[in-house]
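**Q** Take this structure first; my questions come after.
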Amino acid sequence: LGFPPFSQRPAQPLFPTHILLTYGALVFACLINLVYILLIKYFTPPHDISKPDSGDTDEPALKRLALIQISVDIFLETVLSYFTGGSGSIFVILYFASILAANIMVSPRSGLFFASLSSILLSIITIMYSLSAAGQFSLPLLPPDFVKSSAQGFRFILPYLFFFILILHFVAYSAGRLVNELAHERHLRNELKKHAEMLEILREMSIGIAHEL
């Protein structure tokens, strides 16, 4: 009947390559989080019970570890977005989590930096999808049909990227303001605690002097 024998038919993969790579990136993200937990225990200094707990967690080693962790996370989020549809991927939401983590764990300035980095990476992926769907070139490890069904025209992606970048930086700026206010409040609370301790010492001294008199 013109059909090739069953043994000569090419074997169809159970999952497309980009789906397998997506699962691989997710597994790698889970494993790298276990590494982060071990590194945090290694870099965290031992707690000295003789010193009052000021709540300050701005140790340089932990900041460097946080910068490495957030950079790796943004790279993984970009890879996941590349394999799952570019700008239409659900994984682009994870950029917001990384930006908030940068503000809380490092500094507000680092939050703005990672917001800009995320904007650049997502813009590159989105433009690559659109150019590939237009027939300019083929994206590696992605089937052409998937790219065409996921890509959007330039009339859509330009406003989308503009508002997405604007929202990313607005979140980074707002989170930075909140972190600064919380740090200022914590500083005032520590100062009030010190004044209260001084007043308590003066009260005890006054009671002692009155007793001697």
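**Q** Given contacts defined as C-alpha pairs under 8 Å and at least six residues apart, what's the relative contact order of segment 99-213, whole-number percent?
**A** Answer for segment 99-213 is 34 percent.
**Q** Looking at the chain as a GNM with Cα springs under 10 Å, which of 72, 27, 92 has the largest mean-square fluctuation?
**A** Greatest mean-square fluctuation among the candidates belongs to 27.
**Q** Given the options 70, 127, 90, which has the most mean-square fluctuation in a GNM of the chain, springs set between C-alpha atoms less than 10 angstrom apart?
**A** 90
**Q** Hey, can you list the DSSP H helices of the chain whose Cα span along the axis is 30 Å or longer and whose average Kyte-Doolittle score is at least -1.0?
**A** Span-like helices in the chain: 17-43, 60-83, 108-133, 154-212.
**Q** A follow-up question, please. Expected output is a single nm value to one decimal: the length gained when fully extending between residue 198 and residue 148, i.e. 0.36 nm times separation in residues minus the C-alpha distance. What is it?
**A** That works out to 11.0 nm of additional length.
**Q** Follow-up question, since we're still on this one. Take segment 87-213, drop everything but the C-alpha atoms, weight them equally and run the Debye formula without solvent; then report log10 I(q)/I(0) at 0.12, 0.19 Å⁻¹ to two decimals.
**A** -0.62, -1.00
**Q** Also: May I ask you to give the percent of accessible area on the chain that is carbon plus sulfur, with a probe radius of 1.4 Å?
**A** On the way: 10430 of 14800 Å².
Of the solvent-accessible surface of the chain, carbon and sulfur hold 70 percent.
**Q** Mind listing the long-range amide H neighbours of residue 107? Cut-off is under 5 Å, sequence gap 5 or more, other chains count too, H placed in the peptide plane at 1.01 Å from N.
**A** none
**Q** Suppose all protein chains stay in the model; what accessible area per residue would a 1.4 Å probe give for segment 108-150, in Å²?
**A** About 53 Å² of surface per residue is accessible.
**Q** Extension gain residue 188-residue 26, at 0.36 nm per residue separation less the Cα-Cα distance, in nm? Walk me through the numbers on the way to the answer.
**A** Details: separation 162, 0.36 × 162 = 58.32 nm, distance 4.25 nm.
The residue 188-residue 26 span can extend by a further 54.1 nm.
**Q** Given points 7 Å out from each Cα along the Cα-Cβ axis, report the residue 131 to residue 35 separation in nanometres with one decimal.
**A** For the pair residue 131/residue 35, the computed spacing is 3.1 nm.
**Q** Right, here's the next one. If I compute Kirkwood radius over Cα pairs in Å from the structure I just sent, which labelled value in (1) 18.9; (2) 21.5; (3) 17.6 lines up?
**A** Answer by label: (2).
**Q** Same structure again: If I build a Gaussian network model for the chain, linking alpha-carbon pairs within less than 10 angstrom, which residue out of 201, 74, 120 has the largest mean-square fluctuation?
**A** Answer for the Gaussian network model of the chain: 201.
**Q** Hey, another quick one. With a cut-off of 8 Å between alpha carbons and a minimum separation of six or more residues, what is the relative contact order of the chain in percent?
**A** Once divided by the residue count of the chain, the mean separation gives 20 percent.
**Q** What distance in nm separates the two pseudo spin-label positions at residue 181 and residue 15, each 7 Å out from Cα along the beta-carbon direction?
**A** 4.4 nm
The values are calculated or read from the model by the stated rules, or taken from the named source; none is laboratory data. This structure is a prediction, so every number in the text was calculated from the model and none was measured. A quick note on method: Cβ atoms are made from the backbone with ideal geometry, for glycine too, and the neighbour counts reach across all protein chains shown. Ligands, DNA and RNA are stripped out before the accessible areas are found, and what is left, the full protein with its side chains, is counted by its heavy atoms. Shrake-Rupley method; radii C 1.70, N 1.55, O 1.52, S 1.80 Å.
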